[in-house]
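Asks: The structure is given below, and queries will be raised subsequently.
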2 protein chains.
Amino acid sequence: MKDKIFEILEKKKAFDHAIALLHWDLETEAPKMALEKIAATMGFLSAESYSLIINDDFKDMLYNIETESLSDLDKKVIETLRKDFEKLEKIPKEEYVEYSQLTVEATSKWEEAKNADDFEIFKPYLEKIINFNKKFIKYRGYKDHPYNTLLDDYEEGMTVEKTDEFFKKIKQELIPLIKKINTLNKGDNKLKGVFNTDKQKEFSKFLAEYIGFDFSKGVIKESEHPFTLNFDNKDVRITTHYYESDPLSAVFSTIHEGGHAIYEQNIKDEISKTILGEGTSMGVHESQSRMYENMFGRNLNFWIPVYPKLQEKFPEELGDISLEKFYRIVNDSKSSLIRIEADELTYPIHVLIRYELEKEIFETDVDINELPKKWADKYEEYLGIRPETFREGILQDVHWSGGSFGYFSSYALGSAYASQFYHAMCAEFDVEKELKSGSFEKINTYLRENIHQYGKYKNPEEIIMDTTKEKFNPNYYINYLREKYGKLYVLCN
Amino acid sequence: MKDKIFEILEKKKAFDHAIALLHWDLETEAPKMALEKIAATMGFLSAESYSLIINDDFKDMLYNIETESLSDLDKKVIETLRKDFEKLEKIPKEEYVEYSQLTVEATSKWEEAKNADDFEIFKPYLEKIINFNKKFIKYRGYKDHPYNTLLDDYEEGMTVEKTDEFFKKIKQELIPLIKKINTLNKGDNKLKGVFNTDKQKEFSKFLAEYIGFDFSKGVIKESEHPFTLNFDNKDVRITTHYYESDPLSAVFSTIHEGGHAIYEQNIKDEISKTILGEGTSMGVHESQSRMYENMFGRNLNFWIPVYPKLQEKFPEELGDISLEKFYRIVNDSKSSLIRIEADELTYPIHVLIRYELEKEIFETDVDINELPKKWADKYEEYLGIRPETFREGILQDVHWSGGSFGYFSSYALGSAYASQFYHAMCAEFDVEKELKSGSFEKINTYLRENIHQYGKYKNPEEIIMDTTKEKFNPNYYINYLREKYGKLYVLCN
């Protein structure tokens, strides 16, 4: 029976590989007119993949298999599969297929709407996706709050109650600091010039490799919105987007997606081969990407060996900018409208806003037409600024077009986990010294051994406890931000 | 029953789309370490695709369906399917799957062998592929000559007898001309300089669009060996390869693959949706790519509007080279070792050599170790030159690694068809004048209406007869080459 189950999982892996590749193709290079066929093929393969495990025969095997004689890894596979099964079997197959196709089309419509700055183009798709998710929550059931079902999809064990508490602390502690810094920021911390995108591409390749991305197991490419996609630990792909006027966008998205990718590339072979072969949760995934992006990538010590190489690429544009000035620029903090370009300090507020909106969507009958205004109002309330376009407001992020509700809060949780991991790592060796030395070897070894190698074999709580010897504690994050930005602005200015 | 058959064909299309995309990915961007997983997924999906139609239920439907009430298009689909079925059902599924995986791996090994200039790396794979094909011929049966079975796969109705006759003419008529030109060619028709590959890329994009490639339905990318891949008429992809020292390589492979792609993009929607949605045969396909590449692309009138744009990209390298000089350079004829870089006149001899070798492989028990020497001997005999490396000899082409035996002769047949089509097109309007005017509209309309739109709905013989009002006649080709090269060398020098 075990062999039969694992044989079916092998087949499912082949389907899922093909589906992921179609997705990659769509986002990075497929011609415009190919959309319809790609959506159809993805829909068909998703249905096949779904049918492989959502059927009575498979269910029988899954619940009757004798787990005692299995290895710990196989046990965990069966356990995870049962959980996934319970989630999926409640959704009728036709709806699942329709929804898969819808999200493919919606992603392309979102892009069109964003380019045209026209919410109306995306609205009907958004509405359908929300309605599907509400139906799915009904099918699947929920505890305490409908949104809990979605939160748990991305972060096992996460609830509205816990997330509310986390964001309450963020609001209390960070909003006053942000408001103070907004008044202190003189707005002169900007890079000026035209930065050749071919040179940016070269630098992104260098940077990815520098932090530990292995090009024999990965690809870097371009897309509208940067993302990471993993087929298995030997094929992990990241994208970025190059802007002539803003080289920092590609620099930090490369480090961010690179962090995700290094996590995936470092999963042990024996785990990578199974359904546990991916990051354990979105929150832990984001803890890695944000640690690389912010705690390493926006760290003065990181840039000591790296900044001269960037200056070499852009001697005219950066020759006169000192390392210290550059460090202040990459940590410039000011309320802004675009989440993915927000600084480390204001970033969690962007996430908070989406969290509050999503919570409202799933607890009430929100009128879709009202969403852009609600979005803008929250930006005004928390950050003191208001988007004047959809592109800078509700249309900025891809997630909703792919149906990823419940995802956003993991971004802020991830940052908080990162601070806790960083603190634990610093107790083992001098992380700052390593960054300064220009080598990621010790750092990557620590992260691989404690976090990356396990994939989904350990859940988020286990990873946090085993690595840091305590439960999740958001105070490390608050303290880290208060200290870093206190030094940068309140004390220094 | 009809609906059921067509539903299964829809599914097969989805699998085949995914398989083609995996192939595209492998050839153009997948990381090195991903090979194993990609091969496994392709093998699995090939097996699924195969199983959909190679089974008793499908066979029953296919042979019992009442075809009289069907549309002509559906009738042709059923007829083609029966032919494919007969071909495939004779090969055991396990062997088919094993062979599919083998060719994926062999392609990568071929690349490695070519880079290392080491035949030994590729030899065991080549041997296995040949043995599989010999077994397949046994399973499938043959008439008169085992190689006929393979020739017919690429060119319906083609036989050793007919091909021998065609090549006999080529040998008789062209080898003396080639030998004469070899003595006349002073070897000074070369471009010199370093041609920036980014600029070459820009020019390839321009050129593809100029000849009629539609970027809303296609992609241009890079690979080791240029090729065209079509998912359907709305997604056709071509590759090229850029060399700093030789911009003509990318220029002509772009036009060549562009010709293939325009054929595919121009297939009528209703046909594209079916299994008939591809070029009718390799020979007719090559007739299009070679007409674009040689009869248009190496034509003085073509370059009158285009050459100034190439000069603009490379003012230093081409500023001093006149149009007439450039025309002589792109038509420089001299015996050489690499088929894809051969001039139009010597090209069919490269094909003749592969044809003779393949024929020998399938009619006798050739020792694989002897193949490189046999290859070199033939080059010496027919072209008066001998490869000193495997890279310039037997390892130069990708085809054998993918199992494409029987394919090569269609390259030369294609050139011959092209001359016949060109002759017929010239009777309709002044093709030379169109080329000079800088517009491909009339030309592309003619080719779309007479050839492209039908896909596989008409077979090669029908296409040739309907378009040119006569049977295949290789004399157009011989005359075209004698006239063009006579003018270029014998009369002018």
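The values are calculated or read from the model by the stated rules, or taken from the named source; none is laboratory data. Since the structure is predicted, the reported quantities are computational estimates derived from the model, not experimental observations. Note that we place each Cβ from the backbone using ideal geometry, even for glycine, and neighbour counts take in every protein chain shown. Remember, those area values only see protein heavy atoms, side chains included, never the ligands or the DNA or RNA. Shrake-Rupley method; radii C 1.70, N 1.55, O 1.52, S 1.80 Å.
Asks: Tell me the distances, shortest first, between residue B:87 and the same position across the other copies, using label points 7 Å along Cα→Cβ, in nm to one decimal.
Replies: Spelled out, the distances from residue B:87's label point are 4.3 nm.
Asks: Indicate the helices, whole DSSP H runs only, in chain B that combine a mean Kyte-Doolittle hydropathy of -0.5 or more with a Cα extent along their long axis of 27 angstrom or more.
Replies: B:2-28, B:35-53, B:119-140, B:160-184, B:409-428
Asks: Assume the label is 7 Å from Cα along Cα to beta carbon: what separations in nm does residue B:139 have to the matching positions in the other copies?
Replies: 4.0
Asks: Still on this structure, please answer the following. Given axes a ≥ b ≥ c from the Cα gyration tensor, I'd like to know whether region A:379-493 is rounded (a/c under 1.5), prolate (a/b larger than b/c) or oblate.
Replies: oblate
Asks: Could I ask something else about it? Closest beta-carbon to the B-to-A rotation axis: which chain B residue owns it, and what is the separation in whole Å?
Replies: In residue-and-Å form, the answer is B:18, 2.
Asks: Top to bottom by accessible area (1.4 Å), largest first, where do B:423, A:17 land?
Replies: Values: B:423 105, A:17 5 Å².
Correct descending sequence by accessible area is B:423, A:17.
Asks: Moving on to the next point. Put simply, what bits of region B:2-17 lose 10 Å² or more of accessible area when the other protein chains are there, versus the chain on its own (1.4 Å probe)?
Replies: With the partner chains in place, region B:2-17 has these residues losing at least 10 Å²: B:11, B:13, B:14, B:15, B:17.
Asks: At R0 = 22 Å, how high is the FRET efficiency between residue B:198 and residue A:325 if r is their beta carbon distance? Nearest 0.05 is fine. Write down the numbers at each step before the final one.
Replies: Details: r = 32 Å, r/R0 = 1.45.
After rounding to 0.05, the efficiency reads 0.10.
Asks: Got a number for the accessible area of residue A:197? Probe 1.4 Å, square angstrom, nearest 10.
Replies: Roughly 40 Å² of residue A:197 is accessible to a 1.4 Å probe.
Asks: Moving on. Label region A:161-491 by shape, choosing from rounded, prolate and oblate, from the square roots a ≥ b ≥ c of the eigenvalues of the Cα gyration tensor; if a/c is under 1.5 it is rounded, and otherwise prolate applies when a/b is larger than b/c, oblate when it is not. It would help to have the intermediate numbers written out before the result.
Replies: Working: a/c = 1.33, a/b = 1.07, b/c = 1.24.
Rounded is the answer for region A:161-491, as its axis ratio a/c remains below 1.5.
Asks: In Å², nearest 100, what accessible area do chains A and B bury in total when the solvent probe is 1.4 Å?
Replies: 2800 Å²
Asks: Give me the percent of accessible area attributable to carbon and sulfur for chain A, probe 1.4 angstrom.
Replies: Carbon plus sulfur share of accessible area: 47 percent.
Asks: Using helices alone, I'd like the mean residue ellipticity at 222 nm for chain A: each DSSP H run of four-plus residues gives -39500 (n - 2.57), total over residue count, nearest 500. Show your work: numbers first, answer last.
Replies: Working: 22 runs with 313 residues, N = 493.
Helix contribution divided over all residues of chain A: -20500 deg cm²/dmol.
Asks: Rounded to the nearest 10 Å², what accessible area does residue B:90 have for a 1.4 Å probe in the complete protein model?
Replies: 90 Å²
Asks: Here's something else I'd like to know. Calculate the FRET efficiency for residue A:87 and residue B:83 from the Cβ-Cβ distance with a Förster distance of 45 Å, rounded to the nearest 0.05.
Replies: For residue A:87 and residue B:83, the calculated efficiency is 0.45.
Asks: Ok, one more. Using 1/(1 + (r/R0)^6) with R0 = 51 angstrom and r between the beta carbons of residue B:364 and residue A:7, what's the FRET efficiency to the nearest 0.05?
Replies: Working: r = 42 Å, r/R0 = 0.83.
Efficiency for this residue pair is about 0.75.
Asks: Now, a different point. Which aspartates and glutamates have a Cα lying under 13 Å from the Cα of residue B:168, excluding residues fewer than 8 positions away in the same chain?
Replies: Excluding near neighbours in sequence, the set is B:356.
Asks: While we're looking at this one, here's another question. First check a/c for the protein assembly as shown, with a ≥ b ≥ c the square roots of the eigenvalues of its C-alpha gyration tensor; if it is under 1.5, answer rounded, and if not, answer prolate when a/b is larger than b/c or oblate otherwise.
Replies: Because a/c hits 1.5 or more and a/b exceeds b/c, the protein assembly as shown counts as prolate.
Asks: Between their Cα atoms, which of A:313/B:205; B:93/B:134; B:221/B:456; A:199/B:199; A:12/B:128; B:205/B:436 are more than 18 Å away from each other?
Replies: A:313/B:205; B:221/B:456; A:12/B:128; B:205/B:436, as the Cα separations exceed 18 Å there.
Asks: Shortest first and in nm with one decimal, please list how far the residue A:322 label point sits from its counterparts in the other copies (point 7 Å along Cα→Cβ).
Replies: Ordered by distance, the counterparts are at 6.3 nm.
Asks: Starting from the 7 Å offset along Cα-to-Cβ, what nm value, one decimal, do you get for the label separation of residue B:135 and residue A:428?
Replies: So the label points at residue B:135 and residue A:428 sit 5.0 nm apart.
Asks: Just how much of residue B:23 is accessible, in Å², when a 1.4 Å probe is used and the result is rounded to the nearest 10?
Replies: Per-residue accessible area (residue B:23): approximately 70 Å².
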